[in-house]
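For reference, the structure is listed below as structure tokens.
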Amino acid sequence: MKKSLLAIAAALLTLGACTTQGEDNKETTASSVDNGQAAIENIMTRTSIRQYKDQPVEQEKIDIMLKAAMAAPTAVNLQPWHFIVITDKQTIGLLSGRQPTNAPLLIALCGDTDKTTMPDGKSKLPDFWVQDVSAATENLLLAAHALGLGAVWTGVYPITERTAEVANVLNCPSNIIPLAVVRVGYPDEAPEPKNKFKEENISYNKFGGKKE
């Protein structure tokens, strides 16, 4: 995967975008298979990174991560999110709390409760922002890994005290609720990915149902 990190990132953002006819279609199909394999490899090899090199993250890569985050699924396409990019060392220190970090970059992923109103202008989906921003967070983590970066999801919401603390540091208005702060940087460690697949966590057709 190291041989083409930017290509993998592009595959994550464009997989399945278009096809052509005839021989071109065969080439596109083969390319899609390769891209699919790269995407699956990226998912299976991602792991949490907590130690980083003293090297800033390029703006180009920050932009790709944010685009990947905003490609996440979102209920009724409300996109109830806001992203705060943090490179200021003092702010990073304030947000690190009891777990100091040498990450050069933090990204706070927040829900925007002003964007939870349905298209009819009347009804709301007040709680779906949590799912939407969580999906965006995972997309961002996968994009970081594809770009040769390391990242770790540090939880904020729904711990009331932590949510208020992060919101205060980032000067968030009442409608902007921090869900997570992701630490990002070039890895200075290489932990082995964990195999989390467990058959006992799977049912078929109903709870406890067995595979036929």
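Numbers at a glance
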| item | result |
| --- | --- |
| Search result, residues across the range 51-90 that are part of a helix (DSSP H, G or I) and in contact with a strand residue (DSSP E or B) (Cβ under 8 Å, 6 or more places away or on another chain) | I62, M65, L66, A69 |
| Condition broken by A71, with the remaining ones in (1) closer than 28 Å to N35 by Cα; (2) of a type outside the set (S, T, N, Q); (3) touching an Asp or Glu at 6+ places or on another chain (Cβ under 8 Å) satisfied | (3) |
| Within the range 152-162, considering residues that are within 17 Å of T113 (Cα to Cα) and surrounded by fewer than 18 Cβ atoms within 10 Å (Cβ to Cβ), the one nearest to the chain's Cα centre (by Cα) | P158 |
| L94 vs. criteria in a helix (DSSP H, G or I), surrounded by 15 or more Cβ atoms within 10 Å (Cβ to Cβ) and at pLDDT 95 or above | yes |
| Matching option when the condition is among the aliphatic types (A, V, I, L, M), under 15 Å from G185 (Cβ atoms) and surrounded by 15 or more Cβ atoms within 10 Å (Cβ to Cβ), among L125, L109, L149, L142 | L149 |
| Within the range 163-212, tally of residues that are of a type in the set (G, A, S), surrounded by 11 or more Cβ atoms within 10 Å (Cβ to Cβ) and either within 20 Å of the chain's Cα centre (by Cα) or in the same structural domain as G148 (by TED's automatic domain parsing) (or both) | 4 |
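Each row is one residue, and each column tells you yes or no for (1) on the phi > 0 side of the Ramachandran plot; (2) small (G, A, S); (3) at pLDDT below 95; (4) not in a strand (DSSP E or B).
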position	(1), (2), (3), (4)
G111	no, yes, no, no
V133	no, no, no, yes
W153	no, no, no, no
R162	no, no, no, yes
A180	no, yes, no, no
R183	no, no, no, no
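The values are calculated or read from the model by the stated rules, or taken from the named source; none is laboratory data. The structure presented is a predicted model; accordingly, all values stated were derived computationally and were not measured. Backbone-built Cβ (ideal geometry, glycine too); neighbour counts: all protein chains shown.
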